[in-house]
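Trainee: Got a structure for you, written out below as structure tokens; questions coming shortly.
Just so it is clear, none of the values below were taken in a lab; they were calculated from the coordinates. Quick caveat: nothing in here was measured; it's all calculated off a predicted structure. Cβ sites come from the backbone with ideal geometry, for glycine too, and all protein chains shown count toward neighbours.
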């Protein structure tokens, strides 16, 4: 037995193969395959020997290979919004880890924030017979998905809700997170606070703006409409918004930035000005600790993991009404949000 | 005519549809479809009217939809190494833009730096009949791809070369970039310079280490073997390497970090020490400008774009021997690489 085991070196790293199991159990490959796949035609004594070899070697069935052999699909599609936004990296990886744990292949694509591209991509993935879909929606009308969902394609929306259809959704508490962040600025003495956010057709942008208004109202503070700036996250647009807020006759003393793209440009613009201005940003950013940027952090990996787990529960037959999961955010004070107001 | 145009508002953004063309030309949808697809059964007068409407509206055929209708595959696969590494974001997006310009769908997956996963994923994508593959290799033996390549799947390797097969490769000049970065530290007065890199089985890690040795040799400087630390980019490992280099009896006065993951931890570790230490990192990092981090920058988007363009040229029938493209890097001085040496 020891001899046999020594001759069955796994080919890659330390992962044993079905061949190793066969060698250790002293049976043929076909017999191992029958045991692994729960097929008939194996005596209970042989099955026991194979199971012992599986346990001794720590053999794990290679699900991807099995799927290929059986010609089943076992794949899920993930439609992202922007492949280059670092926020989606950990989300993407978390979905992939869950997919792999279920022996499924993850297929990705990006809508580039274009509702038409989203639809094209989703339908192309359905045509390639994915079993399920995780969608970060760019559009606000997902009725085009109804025939696919009726045909059995499980779908979970993440980061933003589905439009005009009932579906499972996993998202962060954008409203509550923004309210916490703005309340933090108020607690540090600010009364005139600007809000720079993403385009108003994006659900999270509007939710965070609602959070800003709620925090101001909670503190009985007036909001001047010139303090709110929504639009693209292009650096030029955001830099102009920051400068306009701070160069006004009665300038704001603090800024809340609505996502990581806005925050990066806001930090850069503020760094070029004489006087420090308080800033709290939605989303954490790499190295924000060294730059002392106070943020409202959402857990991108938890969003991806939760969405993927919901999807696989549906694929495994879980029924029930569409489920809305809202994950909490976390305020991380690092300095920029604790700068006191200066007089205009 | 103006009336008709006014009634044919495109549904998404400003992109006109085939329906808009039909309305403007005063013909049926089927006629527009015939003209667009070059089918017969349309008089030359009608064809001219449709072409004029197409030009006036700036109509562009929706290639993804056409591919779906014809049931053709027209997809390419991209196998990444780590979905959460921000370096791959712009590369991924650039590949997607080129794919979309060719009317092809991009399917992604990640090997998570595991050669076995890479092979599983590549073969799963081939089983799904991708027309071409772009691979950031995790393994160093790609002979498993030979049957697929022989069967007509075009393949381009990016970031790192293929192992044991001849194939098109697009990569950055890791050797030259590292040599430039280390020469910059030498020009700033350093003689004892440490190198912290990724695992030695990764091609770019070894190329950059070669560049380090070349720069030291160019300046007739001795390298103590304790100055070189290769291993995973896990924060603990890198932090220990930095501390070991700086707390040695005869410490280094500068560090060259082999990639963005190493640089992030090196910057964080150096920030926690009393005395500033010179640092040059391979790869640029978001907000590195504000932190004053001197880097050797590679153009991730250009890598992706060049690889995708090479792939589509092969798909369109370009012959010839496998091609090796090496893109230049760029030294960006921002402060950390210009810190002078301090005496141990």
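Trainee: First check a/c for the range A:83-154, with a ≥ b ≥ c the square roots of the eigenvalues of its C-alpha gyration tensor; if it is under 1.5, answer rounded, and if not, answer prolate when a/b is larger than b/c or oblate otherwise.
Mentor: In terms of gyration-tensor shape, oblate.
Trainee: Can you tell me the mean projection area, over all orientations, of the convex hull of the range A:273-312's alpha carbons? Units nm², please.
Mentor: Answer in nm², one decimal: 3.6.
Trainee: Return the percentage of antiparallel bridges among DSSP beta bridges fully within chain B, rounded to the nearest 5 %. Walk me through the intermediate numbers first.
Mentor: Details: 3 of 38 bridges.
Antiparallel: roughly 10 percent of the beta bridges in chain B.
Trainee: What Kirkwood hydrodynamic radius do you get for the range B:193-344 when you take the inverse of the mean 1/r over all pairs of distinct Cα atoms, in Å?
Mentor: 16.8 Å
Trainee: Using a cut-off of under 18 Å, list every residue of the range B:237-261 whose amide N is near the label point 7 Å from the Cα of residue B:222 along the Cα-to-beta-carbon line.
Mentor: B:248-254
Trainee: Ok, one more. Between helix B:88-101 and chain B, what is the angle of the helix's C-alpha long axis to the longest principal axis, kept within 0 to 90° and rounded to the nearest 10?
Mentor: 20 degrees
Trainee: Sorted from fewest to most neighbouring beta carbons within 10 Å, what does the list A:329, A:243 look like?
Mentor: Arranged by neighbour count, lowest to highest, A:329, A:243 become A:243, A:329.
Trainee: Considering the Cα trace of chain B, what is its radius of gyration and what is Dmax, both in angstroms?
Mentor: Looking at chain B, its Cα Rg and Dmax stand at 26.1, 88 Å.
Trainee: Further question: Shape of the range B:158-261 from its Cα gyration tensor (a ≥ b ≥ c, root eigenvalues): rounded if a/c is under 1.5, otherwise prolate when a/b > b/c, or oblate?
Mentor: oblate
Trainee: Arrange the following residues from fewest to most other Cβ atoms within 10 Å of their Cβ: A:54, A:136, A:255.
Mentor: Values: A:54 21, A:136 24, A:255 28.
If I rank by nearby Cβ atoms, fewest first, I get A:54, A:136, A:255.
Trainee: Looking at the protein assembly as shown, what % of the alpha carbon pairs are farther apart than 35 Å? All intermediate terms of the calculation are to be shown ahead of the outcome.
Mentor: Values: 127180 of 236328 pairs.
Roughly 54 percent, once rounded to a whole number.
Trainee: Tell me the distances, shortest first, between residue B:141 and the same position across the other copies, using label points 7 Å along Cα→Cβ, in nm to one decimal.
Mentor: 5.6
Trainee: A further question on this structure: List, shortest first and in nm to one decimal, how far the label point of residue B:240 (7 Å from Cα along Cα→Cβ) is from its counterparts in the other copies.
Mentor: Those label-point separations list as 5.2 nm.
Trainee: Oh, and also: Between the helical axis of A:260-271 and the dominant principal axis of chain A, each derived from Cα atoms, what acute angle in degrees is found, rounded to the nearest 10?
Mentor: 40 degrees
Trainee: Write down Rg/Rh for the range A:92-216, rounded to two decimals, with Rg from the C-alpha atoms and Rh from the Kirkwood relation over Cα pairs.
Mentor: Looking at the range A:92-216, the ratio lands at 1.08.
Trainee: Also: How do A:186, B:339 line up, fewest other C-beta atoms within 10 Å first?
Mentor: In order of increasing Cβ crowding within 10 Å: A:186, B:339.
Trainee: With a 10 Å cut-off between alpha carbons and a GNM built on chain A, which of A:22, A:214, A:205 moves the most?
Mentor: Most flexible of the set in this elastic network: A:22.
Trainee: Of all beta bridges DSSP finds with both residues in the protein assembly as shown, what is the antiparallel percent, to the nearest 5?
Mentor: Working: 7 of 77 bridges.
Given both bridge residues lie in the protein assembly as shown, the antiparallel proportion sits at roughly 10 percent.
Trainee: How far is residue A:214 from the same spot in each other copy, in nm, shortest first, if each label point sits 7 Å from Cα toward Cβ?
Mentor: Relative to the other copies, residue A:214 has label-point distances of 5.8 nm.
Trainee: On a 0 to 90 degree scale, rounded to 10, what angle separates helix B:174-187 from the longest Cα axis of chain B?
Mentor: Between helix and principal axis, roughly 40 degrees.
Trainee: Among A:180, A:159, A:141, which one moves the most in a GNM of chain A with springs linking Cα atoms closer than 10 Å?
Mentor: Residue with maximal mean-square fluctuation among A:180, A:159, A:141: A:141.
Trainee: Give the distance, in whole Å, between the Cα centre of the range A:289-303 and the Cα centre of the range B:126-197.
Mentor: Their Cα centres are 32 Å away from one another.
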